[in-house]
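S.K.: Mind having a look at this structure? Questions to follow.
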Amino acid sequence: MAADEQTSTDVKPRRSPATLWKALRRILALARPYRARLGLALVLTALSSLVWLAVPLGLRELLDAVFQQGDRVMLNRLALGLLILFLLQTALSFGGGYLLSWTGERVVADLRQRLYEHLHALSLRFFAEQRTGDLTSRLTNDVSSVRTAVTSSLVELLTQTLTLAGSVVLMVVLNWRLSLLIFVVVPAATVAAIYFGRTIRRLARRVQDELAETTAIAEEALAAVRVVKAFARSPYEVQRYHDAIETLFGTTIRKVLVNTAFGSIIGLMFMGALIAIFWFGGVEVLAGRLTAGDLVAFIFYAFNIARGVGGMARLYSTFNSAAGASERLFELLDTEPELQDAPDALALPRIQGTVRFEHVSFRYDPEQPVLRDIDVTVAPGQMVALVGPSGAGKTTLLNLIPRFFDPTSGRVRIDGHDLRDVRVQSLRQQLAVVPQETYLFSASIRDNIRYGRLDAADAEVEAAARAANAHDFIAGLPDGYDAEVGERGVKLSAGQRQRVAIARALLRDARILLLDEATSALDATSEALVQDALDRLMQGRTTFVIAHRLATVRHADRILVLDEGRIVQTGTHDDLAHRPGLYREFALLQFGDADATSEAA
C-alpha cells in the first residue's frame, strides 16, 4: 500500500504542450487502420466549419439589404439562403461528428483489447508485484478518461480549430483595427493555458492514481469478505475506503477548482475584448466607417473566437487529463514481458512426458537463491512427490515446468526440448494443473469443466466429471451441469470445487500433471473422493505432487526432499522413512514411528 500511496502523492515534473501532444499521438496512432473513415470525417467536419463561417457574411448581406437598400425580395432570398446554409451545416456536422466518434470509440476499444492482451503476456512476477484493483482501474477508469479525449473532444477540437482559424482570417479582412482588440487577448490566454495545463495534468495523474487506490481497497476487502466479517473488521474496511475516497475527493476538487478558474479567466478576458469591440464598432458605425451588417458579422466572428478559445482551453484541460491517464496506460503497455518466445521458437510436438532439470538454479532476488543446482530426470508416467519445509523451493520448482519463470542458470527440458526453445503456448497446452486453492470462474459447472478443452462435447464433459467423482453431486443440483458456481465457485464446497478442477484437468488429457497440495484443505470424506479421482487422473501421466501430508504421496515412484533450495534426499516412501534424514523426521511427526509409516503404506 505504501508504494501505491507514494505513487499517488509524487509530484510529476512539468510538461510542455509538445509532451502532451507526444502522449496523445501514441493513442491517435491506433486510428491508422481506420484512416479512410477518419479522412472522410475530417473532410465533412471541415466543410461544416466552412459553411458555418459563411453564416455571418450572409447575416451582413441580410442586414445591409434591409437597412441600406430596403430590398424585400433580397431579404427573402437571403433568409432562404441562410436556412439552406444551416441545414447543410447540420447535415455535414452530423456526418463528420458521427464518423469521428465512431473512429474514437473504435480506437478506445482497440486500446482496451491491446491492454488486456498485453496483461496476459506478462509474467507471474509482474502480477505478484501489482494490485489487481490498480490493473482493473487502468482498464476501466484510465481508458474512460482517454475515451473522452478521442471521441467527443476530438470532434470539438477539429471544429473549434477550423472555426477559430477561419474567424480570425475573416475578422482581419472585415476590419483589421477591430481585430487588434481580440489579438491582444490571445497571447495572455496562451500563457494562462500553458500554466494551468501543467497543473491540471499533474492533478489528473494524481486523481487516476488515487482512484486506482480506492478500487484496490474495495476489491481486496470484497474478495476477502469472509475474513473481514469473521474478524469483525467491516468498520475498519469501511473507514479505509472512506479515507481513500476523501483523499480522492480532495484532489478532484483541486482539479475542478483549477479547471473552473482557468475557464473563468479565459472567459473574462474575451468578454472584455467583446465589450471593447462592441463599443469601438458602434463608434465606427456612427461615424459611417462601418456598416451595421459589418459590425454584426464582426461581433459574430469575435464570439466564434471567444467561444473557440474558451473551448480550446477546456479541451486543453481535457487532453491534459487524458494524457495523465495515458501515462499510466503506456507504463503498462511499455512493460516488457519477462518471458517471451525466442524468434526461432518452435511448437512443442506431442510429448511423452520426460522432464529433465539440468543443474537448475533460480532466484527471485540476487541475494536470495531459491533453488540451487537441481539435477534430476523424471521418466514418462512417473509420479514424483516434492516434500520439504515451507520455503524450501517446492512451488518454485513446479513453476519452472510450465515456464512461469526461467531458471537463473541451468535448463529445464521436456522430451529433450529446452523450454526456452519452444513456444510457451504449445508447452502449456500439454500440461494440466490442479492447485491447492481451486479457482472456478463465475459460470456454469459445465463451462468450468470445459475450460480444460473448449471444444469438448457435453458427453466428454460428463465423462470427465464421472472420472473425477463429481457427477453425483452435480446431478443432484437443481440445474445440474448448468448450475452457476458463483464468483470463485463460492456456491460449492471445497471438495466439490476440487473435483470440478480435477474433471477440468482430466478433460485436458495432458501428459504432464502438476498438483500443488490438492487435498490439504479437505475433510476426510472429501479427501477420499478427491484422492480417488486424483489416482485415476494420474494414471499414465508424468505427475509432480507437492504435499505436506505424507500419506498422500506414500505410493509415489520417487520422492524428492528439498531443503533450502537443494535436493537433500531422494527415494521411495519406505526407503526414506527408515533412513536418517529430513523425510524421516517428517514421517515420525506425522505417523509416530517408522513401523507405522510402513503399515500406512
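All of the numbers you see were taken from the coordinates with simple rules; none came from a lab. What you are looking at is a predicted structure, and each value in this text was computed from that prediction instead of being measured. Here Cβ is always computed from backbone atoms with ideal geometry, including for glycine, and neighbour counts include all displayed protein chains.
S.K.: List every DSSP H helix in the chain whose Cα atoms extend 27 Å or more along the helix's own long axis and whose mean Kyte-Doolittle hydropathy is at least -0.5.
M.R.: Helices meeting the span and hydropathy rule in the chain are 35-64, 72-121, 152-174, 176-223, 234-286, 292-333.
S.K.: Still on this model: Got a sec? Charge dipole of the chain, +1 on Cβ for Lys and Arg, -1 for Asp and Glu; which of Gly489, Leu333, Ala432 is way out at the positive end?
M.R.: Farthest towards the positive pole: Leu333.
S.K.: Between Leu222 and Glu564, with labels modelled 7 Å along Cα→Cβ, what's the label distance in nm to one decimal, could you check?
M.R.: 4.6
S.K.: Cross-chain or 8 or more residues apart, Cα under 23 Å: how many lysine pairs in the chain fit that? Count them up, please.
M.R.: 4
S.K.: Quick check: net charge around Leu290, other residues with Cβ under 12 Å of its Cβ, Lys/Arg +1 and Asp/Glu -1?
M.R.: 0
S.K.: So for the pair Glu487, Thr132, with labels modelled 7 Å out along Cα→Cβ, what separation do we get in nm?
M.R.: Label at Glu487, label at Thr132, 0.9 nm between them.
S.K.: As a check on your grasp of the helix formula, calculate [θ] at 222 nm for the chain: sum -39500 (n - 2.57) over DSSP H runs of n ≥ 4, divide by the residue count, round to the nearest 500.
M.R.: -21000 deg cm²/dmol
S.K.: Turning to a different aspect of this structure: Given the peptides 86-94, 170-178, arrange them by the average over their residues of other C-beta atoms within 10 Å, most packed first.
M.R.: 170-178, 86-94
S.K.: What is the spin-label model distance, in nm, from Arg428 to Ala551 if the labels are put 7 Å beyond Cα along the C-beta direction?
M.R.: Label-label distance for Arg428 and Ala551, simple model: 3.5 nm.
S.K.: If the only charges are +1 at each Lys and Arg Cβ and -1 at each Asp and Glu Cβ, what is the size of the charge dipole of segment 15-333 around the Cα centre, to the nearest 20 debye?
M.R.: Once rounded to the nearest 20, the dipole reads 540 debye.
S.K.: Using a simple charge model, +1 on the beta-carbon of Lys and Arg, -1 on the beta-carbon of Asp and Glu, nothing else, what dipole does the chain show about its Cα centre, in debye to the nearest 20?
M.R.: The dipole of the chain has a size of about 2500 debye.
S.K.: Could you work out how far the C-alpha centroid of segment 451-467 sits from that of segment 247-313, in angstrom?
M.R.: 69
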